[in-house]
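Throughout, read-outs are computed from the coordinates displayed, never taken from laboratory work. Computed from a predicted model, the values in this text were never measured in an experiment. For neighbour counting, all protein chains shown are included, and Cβ atoms are generated from backbone atoms with ideal geometry for every residue, glycine included.
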Amino acid sequence: MKSQNIVELIGVIGELNTKNYSLLKEAIEKRDSIKFVSRLLNNDLIEKIECCPYCKSKSLYKWGVRNDLQRYKCKKCERTFNTLTGTPLAHLHKKGRWLSYAKCILDGLSVRKAASKCGVHRNTSFRWRHRFLKNVNKIKPDRLYGIAEVNEHVFAWSEKGCKRLKREPRRRGYKSLKYIPHDKRVFTLFCRDRGQNTYDNIYYRFSTNNITPALDKLITKDTLFCSQNKAVYLKYTKENEVRHGVLNLAIKETVKKDIVHIENVIKYQVDLQVWMERFRGVATKYLQNYLSWYREMDEFDFKISPEQILLRAMRPERYNTNHFR
């Protein structure tokens, strides 16, 4: 009987026109992708749920399945949750297209191109991008080893996407920062060791007092601190008794004793700027997300898979570089 039904089904499919056949194929592929994502989330995360995300109790038990995801109930607070609860991907719909969107993140596509490729609205694409990147901001090295190269980069304050600007419009086509007031500049500190571990952070005022808390965690007295001869770095190394390799780029002193240089961190900055040109400007309030996006790609040498991007968007502390090697 089953074989007869299959034969009849094949006959019906064969009579479909091109449009209806495409719709049927798309529906099947969509359902398969939803099943695959749900299986990935359940198999990889469900066994690692150790406590309730609301009250932190460890008294849990299964509470059915909804939207292909296993749900749990807490005996203490009696609230239910699933593997997505408490993660940036919670309450997002169309999870069958998440892997396709993760591939767009890997390819560095713009919001509109990613929306077109995944078949979602551009607003959905924008929301997904920053949900996927929210946890990546937390994945930064705790310290740098050996020789640490430090340099800063200046970005112009941007209100891209804002319908009501709080500043005077800038002159069209300018390239230099000299037209931008000092209070409208954003400074990004880049620290990178010879093992390609990279730390970045945004400062609205670049001073020794502002950067010291971050550098205290990254730099030890055994680390060789390489930088330009700027007062900010000179004051920091003197106050903290850190070995300092000073370079005077004004006289084209790029290398000293074949060891002291900042070529690695400068190359990282240049590659970052070239990569960011595709977005035609980034709003300052989202700048840290884009810095973390590129840092994640560089961490995996642009060889990370969409599945890894999806899992790191949920549990970054569990899926570092070594987890996938």
If N is the residue count of the stretch 52-146, its Cα Rg over 2.2 N^0.38 Å rounds to 1.38
Rounded to the nearest 0.05, FRET efficiency between ASN67 and ARG194 (Cβ-Cβ, R0 30 Å) equals 0.05
Residue by residue through the stretch 119-135, the couplings from Karplus 6.51 cos²θ - 1.76 cosθ + 1.60 with θ = phi - 60°, in Hz, x for Gly and Pro, are x, 10, 6, 4, 5, 5, 4, 5, 5, 4, 4, 7, 6, 5, 9, 4, 6
With a Förster distance of 22 angstrom and the Cβ-Cβ distance between ASN240 and VAL270, calculated FRET efficiency to the nearest 0.05 equals 0.15
Checking rank on 78-86, 189-197, with mean other Cβ inside 10 Å and highest first, the result is 189-197, 78-86
Highest mean packing first, using Cβ neighbours within 10 angstrom, the peptides 71-77, 300-306, 144-150 sort as 144-150, 71-77, 300-306
Listed with the fewest Cβ neighbours within 10 Å leading, GLU263, GLU50 appear as GLU50, GLU263
Once phi for every residue in the stretch 228-245 is put through the Karplus expression 6.51 cos²θ - 1.76 cosθ + 1.60 (θ = phi - 60°), the whole-Hz ³J(HN,Hα) values, with Gly and Pro written as x, are 6, 8, 9, 4, 4, 6, 4, 5, 5, 5, 5, 5, 9, 6, 9, 4, 10, x
For the stretch 49-102, using Cα atoms only, the Rg and Dmax in Å read 12.4, 38
Residue separation between SER110 and ALA231 times 0.36 nm, minus their alpha-carbon distance, gives in nm 39.7 nm
